[in-house]
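Written out below as structure tokens is the structure these notes cover.
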Amino acid sequence: MTTTSSTTATTQTATAAAGSSILTSLGAGSGIDTASLVSNLVTAAYSTKEKTLQTKTDANTAKISSLATLSSGIDSFASALQSLVAGGTLKTQPSTSDSSVVTATAQNGTTIGSLSSQIEVRQLATAQSLVSDYIADPSIAGTGSLTLTVGTGGSARSFPITPGTDNSLAGLAAAINAANTGATPSGVTASVVTDANGSRLVVKGVTGAANAFTLTANSGADANLTRFASTGTGAGMTQAQPAQDAIIRMDGVDTTHSTNTVSDLISGVTLNLVSAKIGTTVSLGMTRPTAAIAQAVNDYVAAYNTLKGEIDTALAPASADGTTQAGALHGNSAISQMKTMLQRVTSTALSTYATGPKTLAEIGVSTGQDGTLSVNANKLSTALSTYPDAVEAMFNPGQRSDNPLIKITSAMGATKPGTYTLTNIVAGTSPSGMVDGIAFLPSPSDPKGLVASITAAAAGLAIQPQANVASATITVDAGLSGILQGIRDSLRANGGILDALSSSLTTEKTGLATAKTKMTNDETNYSDQLSKQFSAMQTAVANYKSIQSYMTQQIAAWSKTS
């Protein structure tokens, strides 16, 4: 109210001053300052409009600036916790007593409960490699063809290897590598290794006993090409390393694995085998992020209170005595809606964990009379010690099946949070089943897997049934990080309330700039018009004065002669 009155008074003063100057100029009687007169007439005509337009422009600029502050605030608010979750800081991590033998990491989207096992790495998985003798002339590899066979028995796959016009050692390596492309790659690669003694062909497969391979010379292959076979008459390739599986003895039970990265032995844990040490037992345990979660709760409260302060400033009304202006976005419904969404987080269920707390309020985060949050340290500490898994689940996105025979293969975040019912699940090479009454589709990348249809609520969900299952439940939780990211995305998305407000303010800014340009042009045109009019007046006055001077002279001359 005070600002509006002050602006009106200032405008009236400027207009009055311009009017006074005009009257003074018109009453000058002679030597009229038309430049000043034109300037004051233009000021009198446009000063009020200019002041009004500038007031609107200043208000628009303040709104845009305030919106930018709030948008940045919600981005920081959501991303700070997101980075902790992505880095695993707020998640129980598996640990091993000897990282020179084996290391362990938690799989994305899984929750580790109790973990205590004894592991012995008895053998590492290796990839078969073959090497030739030194080749005196690497420009000649030979003519004819070889057959690359990967695997044994009914699972064996064969690939023809024909060097073609380039029958050099490099050409042969290129032909072998060509078989490792397309829809069914061989998994075998070749390279030419050259040292001081000459050049050799090195051929390597992938780890695992099932990936052993042979090179056989076909009929018609000359002696030069036959020397690159690994079996048969004339074969010259030597096995430098065999293809073998990793062998792990866990709690006295041996298992074999085709790679040294083992993700299917312990639920939710990936083991990375570093070295084989028969007789050396490594303890597998876990480390809980108790301190990190407690710090995250306090950081969340501090970040919330900061963002709330920024929102309150933007929405604040003018003071009753008129000494304080209203916030730049006072009365804006979009920002009020944003404030309400954030206020609800404290009482929102963040997980569907079976027992223990599910909301921030239940672990000690309370709302004061002024709307700010605070943390009851004792209540938080009790929740962390009594229900560690439930509290951890509140902060981390997770997905789980209530039936261990249903393996979830989709990445965390691929399916929106919710609870999904699986029925009539059939496992095998032709799997089938339903999710919430809608048929699963065959997985394009996993012959034993299923994916939810894009028309299903569970779109994005992928599973691999280990056996036939009549019914099961899949639960996907967003956690606090997911809830905040969801709020941020809904606010900032195209068409979201902040995006709509930003578009509105940008449109208003463009309109004000256009209006200002038009007003400037109008002022210039009006000034030019007045200048022309007064110029014409000055010319007429000059003519009148010239006539007056002539008449005066003539009258004086007549008077003398008489």
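The values are calculated or read from the model by the stated rules, or taken from the named source; none is laboratory data. Quantities reported herein were computed from a predicted structural model and do not represent experimental measurements. Please note: Cβ atoms are built from the backbone with ideal geometry, for glycine as well, and neighbour counts cover all protein chains shown. SASA here: full protein model, heavy atoms, side chains in, ligands and nucleic acids out. Shrake-Rupley method; radii C 1.70, N 1.55, O 1.52, S 1.80 Å.
Quick notes on this structure:
- In the condition set (1) closer than 30 Å to LEU373 by Cβ; (2) part of a strand (DSSP E or B); (3) of a type in the set (Val, Ile, Thr), VAL297 is compliant with all but (2).
- Among the candidates LEU498, LEU505, residue that is in contact with a Leu (Cβ under 6 Å, 6 or more places away or on another chain), touching a residue at least 60 places away in the same chain (Cβ under 8 Å) and under 30 Å from ALA334 (Cβ atoms): LEU498
- Among the residues of the stretch 263-280, those that are closer than 30 Å to THR386 by Cβ and not in a loop (DSSP other than H, G, I, E, B) comprise ILE266, VAL269, THR270.
- In this structure, LEU225 does not satisfy being surrounded by 14 or more Cβ atoms within 10 Å (Cβ to Cβ) and either within 28 Å of ARG400 (Cα to Cα) or under 42 Å from the mean Cα position of the chain (by Cα) (or both).
- Residue match in the stretch 459-479 (condition: modelled with pLDDT under 95 and part of a helix (DSSP H, G or I)): yes
Yes/no matrix, rows are residues, columns are (1) over 30 Å from SER83 (Cα atoms); (2) surrounded by 20 or more Cβ atoms within 10 Å (Cβ to Cβ):
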{"residue": "PHE440", "(1), (2)": "yes, yes"}
{"residue": "ILE454", "(1), (2)": "no, no"}
{"residue": "LEU461", "(1), (2)": "no, yes"}
{"residue": "ALA472", "(1), (2)": "yes, yes"}
{"residue": "VAL476", "(1), (2)": "no, yes"}
{"residue": "GLY479", "(1), (2)": "no, yes"}
{"residue": "ARG488", "(1), (2)": "no, yes"}
{"residue": "LEU498", "(1), (2)": "no, yes"}
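Here is a yes/no grid of residues against (1) touching a Pro at 6+ places or on another chain (Cβ under 7 Å); (2) within 27 Å of ALA349 (Cα to Cα); (3) of a type in the set (Ser, Thr, Tyr); (4) touching a residue at least 24 places away in the same chain (Cβ under 8 Å):
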position	(1), (2), (3), (4)
ALA427	yes, no, no, yes
PHE440	no, no, no, no
GLY460	no, yes, no, yes
ILE487	no, yes, no, yes
ALA493	no, yes, no, no
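- Evaluating THR255 against the criteria (1) in a strand (DSSP E or B); (2) among the hydroxyl-bearing types (Ser, Thr, Tyr); (3) open to solvent by 50 Å² or more (accessible area, probe 1.4 Å) leaves one unmet condition, (3).
- Annotation: of all residues in the stretch 28-81 being closer than 23 Å to ALA316 by Cβ and among the charged types (D, E, K, R), the one that is least open to solvent (accessible area, probe 1.4 Å) is ASP75.
- Residue in the stretch 118-134 that is modelled with pLDDT under 95, on the phi < 0 side of the Ramachandran plot and either among the hydroxyl-bearing types (Ser, Thr, Tyr) or assigned to a helix (DSSP H, G or I) (or both) present: no
- Only residues that are open to solvent by 70 Å² or more (accessible area, probe 1.4 Å) and either in contact with a Pro (Cβ under 9 Å, 6 or more places away or on another chain) or among the hydroxyl-bearing types (Ser, Thr, Tyr) (or both) were counted in the stretch 145-159, giving 3.
- Condition check for MET551: among the aliphatic types (A, V, I, L, M) and free of Cβ contacts under 8 Å to residues at least 40 places away in the same chain: yes
- Only residues that are part of a helix (DSSP H, G or I) and open to solvent by less than 20 Å² (accessible area, probe 1.4 Å) were counted in the stretch 281-294, giving 1.
- Residues within the stretch 111-144 that are in contact with a Pro (Cβ under 8 Å, 6 or more places away or on another chain) and either under 25 Å from GLY252 (Cβ atoms) or open to solvent by 30 Å² or more (accessible area, probe 1.4 Å) (or both), tallied: 4
- The one condition from (1) open to solvent by 50 Å² or more (accessible area, probe 1.4 Å); (2) not in a loop (DSSP other than H, G, I, E, B) that ILE248 does not meet is (1).
- Filtered residue count, the stretch 295-332, keeping only those that are within 30 Å of PHE395 (Cα to Cα), without any contact (Cβ under 8 Å) to a residue 12 or more places away in the chain and hydroxyl-bearing (Ser, Thr, Tyr): 0
- If only residues of the stretch 336-364 that are modelled with pLDDT under 90 and β-branched (Val, Ile, Thr) are counted, the one that is nearest to ILE497 (Cα to Cα) is THR352.
- Taking residues in the stretch 247-271 that are over 17 Å from GLY285 (Cα atoms), and partners anywhere that are charged (D, E, K, R) and open to solvent by 20 Å² or more (accessible area, probe 1.4 Å), the pairs with Cβ atoms closer than 7 Å and at least 6 places apart or on different chains are ILE247/ARG122; ILE247/ASP254; THR256/ASP245; HIS257/ASP245; SER258/ASP245.
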